[in-house]
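The values are calculated or read from the model by the stated rules, or taken from the named source; none is laboratory data. This structure is a prediction, so every number in the text was calculated from the model and none was measured. Methodologically, a virtual Cβ is constructed for each residue, glycine included, from the backbone with ideal geometry; neighbour enumeration extends over all protein chains shown. For the accessible areas, the whole protein counts, side chains as well, though only heavy atoms, and no ligand, DNA or RNA atoms are used. Shrake-Rupley method; radii C 1.70, N 1.55, O 1.52, S 1.80 Å.
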Amino acid sequence: MSFMIAAGLLASLSLPAEAQDATAGRKVFTGSCAVCHGTKPGEKKMGPSLFGVVGRKAGSAEGFRFSPALAKDGRSWNPKSLDAFLTNPRKEVPGTRMAYAGLRNAEQRKALLAYLATLK
């Protein structure tokens, strides 16, 4: 048992920080986002697919009907804009239909953003 724990720790230490963040971010996504958002191209749930979200214009995912507020917003999703939106969506884009109250934990947001960047 001790060997397995040590091996697991060693394996995680050999991963670059970005990979560790993305792995942690996938867990955040599963616990906070997956009920409403998919990760495959074109996958629709209550919210649009987050495949390719980094670099995409807000309110522009193919085949999803966005709130007028988000459709008109005009920003591109990058780490800075996503971080602000995920902190408090309704404050950042008043009128958004996204019911999520926000992810207040900065480390969890950083990890989530690392994971979202892998969805391409």
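Of note:
- Taken over the stretch 65-87, the criterion of being open to solvent by less than 30 Å² (accessible area, probe 1.4 Å) and closer than 13 Å to Val53 by Cβ is satisfied by Leu70, Trp77, Ser81, Leu82, Phe85, Leu86.
- Residue in the stretch 48-58 that is farthest from Ser81 (Cα to Cα), counting only those that are in contact with a Lys or Arg (Cβ under 9 Å, 6 or more places away or on another chain) and either modelled with pLDDT under 95 or open to solvent by 30 Å² or more (accessible area, probe 1.4 Å) (or both): Phe51
- Residue count for the stretch 88-120, restricted to those that are assigned to a loop (DSSP other than H, G, I, E, B) and either within 11 Å of the chain's Cα centre (by Cα) or crowded, with 19+ Cβ neighbours inside 10 Å (or both): 6.
- Options Thr87, Thr96; residue that is without any contact (Cβ under 8 Å) to a residue 40 or more places away in the chain, in contact with a Gly (Cβ under 9 Å, 6 or more places away or on another chain) and of a type in the set (Ser, Thr, Tyr): Thr87
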